[in-house]
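None of the figures in this text is laboratory data; all of them are computed from the coordinates on show. Given the structure is predicted, the values throughout are model-derived calculations rather than measurements. For neighbour counting, all protein chains shown are included, and Cβ atoms are generated from backbone atoms with ideal geometry for every residue, glycine included.
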Amino acid sequence: MRHRLHLFHIGLAALFIAALATTTAAQTGRVGGTVKDDAGQAIKGATITAENPNASPSSFTATTDDKGRFSIIGLRTGRWTFTAQAPGFAPESGGVNVQTIGAPNPPLTFTLRKGATAGPSSALGSLAAKDLQAELGAADALYNSQKWDEAITAYRAIMAKAPALSVINLQIAAVYRNKKEYDNAIAAYNELLKADPTNDKAKIGIGMTNLEKGDLAAAEDTLTKAAEGANPTREVFYNLGEVKFAKGQIDDAAKYYQKAADMDATWGKPLFKLALVELNKLGQIKDTEKEELIKTRAKVIAALEKVVAADPTSQEAAQAKAVVEQLKK
């Protein structure tokens, strides 16, 4: 029996390493829809931005055609925030859990109302909506082909023509992170913060870039300030948990993962990391503590099954299922 328990611990270590590794699904999803005014008329040239700070790239932008239709491809599995805006109208936002397998993602319909919070009529600068859509598509294609320098040039060219689209700095920063040019990535995030000082995506990006850079103190400082701000998002708490986890501060990490989960009970990422915290505890139990092993293993399985129940189409749910299968053998 002791020999068997040793084998269990060896397998458990392998499980933990595999589950902890950051994986990126090869598949990407598509989300389309329409933008109309409150009279039901299509809005041509509306700008649609999709943002997910945990994806790479973390932002996509598209514009509507003459029938108010748009389509965004290349989205990774996860929670994306979509914002529609057009000159003369108040913007509208909504969240979608994008999936890359199974049934197609449901279409989005935005109904924009005229309002004082609308952007200026020159928001697209010298770019026509149709041209913007084509240029963004070309820039994203360069990104997806890992033609990093060409992608940066393309994104910057768009921003030169349409300065109001400062959110494109998220894409530029993502390129620099892929190139491991971390200081340039942080500079791009800071450019966005000049235009939008409360942009949590940029703050999270700076924190995670510092984490990739190996500067845990700077990463923690940036994300802690964001977490202590007026309206921290679930992503801020989750990524602060990631930094704490990287520092080996497991209990603190669990606290922030829980905060993220409390803000959105259907989001699999923090729930999966909370399960990994329990899995880590399981690996620390001695072979001789058989009752504790059985009790903790049941707790881990319950935590993993919670991920599957809460966010069944997510990448984390697939990982959770795989770990549960191994633990039940």
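At-a-glance table
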quantity	calculated
FRET efficiency estimate (nearest 0.05) - Cβ-Cβ, Lys44 to Ile250, R0 51 angstrom	0.45
Entries in Lys244/Lys295; Lys247/Lys269; Lys259/Lys295; Lys180/Lys281; Lys180/Lys269; Lys44/Lys114 that, when Cα-Cα distance is taken, lie over 22 Å	Lys244/Lys295; Lys259/Lys295; Lys180/Lys281; Lys180/Lys269
Share, in percent, of DSSP beta bridges within segment 34-197 that are antiparallel, nearest 5	85
Among (1) 24.8; (2) 21.3; (3) 23.9, the entry derived from the coordinates for Kirkwood radius over Cα pairs in Å	(2)
Additional length obtainable on full extension of the chain from Ser71 to Met263, 0.36 nm per residue less Cα span	66.2 nm
